[in-house]
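The values are calculated or read from the model by the stated rules, or taken from the named source; none is laboratory data. Remember, it's a predicted structure, so these values are computed and weren't measured experimentally. Using ideal geometry, Cβ is built from the backbone for each residue, glycine included, and neighbour counts are taken over all protein chains shown. These area figures cover heavy atoms from the full protein model, side chains too; ligands, DNA and RNA do not enter into them. Shrake-Rupley method; radii C 1.70, N 1.55, O 1.52, S 1.80 Å.
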Amino acid sequence: MLLSEWSKSEVAYGRRVLNSGLEGVRSGREAFLNGRPLTPFFRESFQKALKPAALGACIGLLTSCPGRQRRSVAQVLASGLLGGLIGMGAGLVWEGRFLAGSAASSALKNIDRVRDEHWLEKHPIDYA
């Protein structure tokens, strides 16, 4: 097999793997949501992530409280904002973990199916 033929077949195989993974993500998302739209799920996740964001902001403010060093108000507020952003991110990841797990599981199943088909094409089994 020439290099050009091999590269074309590998690119086609890569596209099949990518498309099957994307289709798996879609089907996993649909299976998790049971026909519900995605927007309300994100809205609910955002609302639930506000508590960790507030906690992170409080921790950020407390860590920048003046001890021996004097800090400016801007530094204290920046620490609180950074803590809030970290808390919000952690809360969103935590709330979306089951959706991400469902999508990843379905994508991996589809990718494995395509990889198995590719292997069987390269290594046909002769039962005769």
* To do: Between beta-carbons, use under 14 Å as the cut-off and find the net charge around G91, counting Lys and Arg +1, Asp and Glu -1.
  => +2
* Of all accessible heavy-atom area on the range 18-58, the percent that carbon and sulfur account for (1.4 Å) -> 64
* Asked: In deg cm²/dmol and to the nearest 500, what is the mean residue ellipticity at 222 nm of the chain if only DSSP H runs of at least 4 residues count, each as -39500 (n - 2.57), divided by the residue total?
  -> -28500 deg cm²/dmol
* **Taking the range 48-114 and dividing mean pair separation by its residue count, relative contact order in percent (alpha carbons under 8 Å, at least six apart)** => 42
* Compute the signed sum of charges (Lys and Arg +1, Asp and Glu -1) over the other residues within less than 14 Å, Cβ to Cβ, of L2. => -1
* For the range 74-114, what is the accessible area per residue in Å², given a 1.4 Å probe and the full set of protein chains? -> 59
* In nm, give the distance between the simple-model label positions of T63 and A104, each being 7 Å from the Cα along the Cα-to-Cβ direction. => 2.5
* Structure fact -> As straight-line cross-link partners of K122, the qualifying lysines (C-alpha separation under 28 Å, not fewer than 8 residues apart within one chain) are K8, K109
* **Sequence of Y13, Y127 when ordered by accessible area, the most exposed leading, probe 1.4 angstrom** => Y127, Y13
* Average the reciprocal distances over every distinct pair of alpha-carbons in the chain, invert the result, and give the Kirkwood radius in Å. => 18.7
* How would W119, W94 line up by accessible area, probe 1.4 Å, largest first? -> W94, W119
* Keeping all protein chains in position, work out how much accessible area R71 exposes to a 1.4 Å probe, and write it in Å² to the nearest 10. => 110
* Over the chain, what is the relative contact order in whole percent, taking alpha-carbon pairs under 8 Å and six or more residues apart? -> 39
* Separation of the range 93-128 and the range 1-54 by C-alpha centroid, Å? -> 13
* To do: Output the Cα-based Rg and Dmax of the range 34-109 in Å, rounding Rg to one decimal and Dmax to a whole number.
  => 17.2, 57
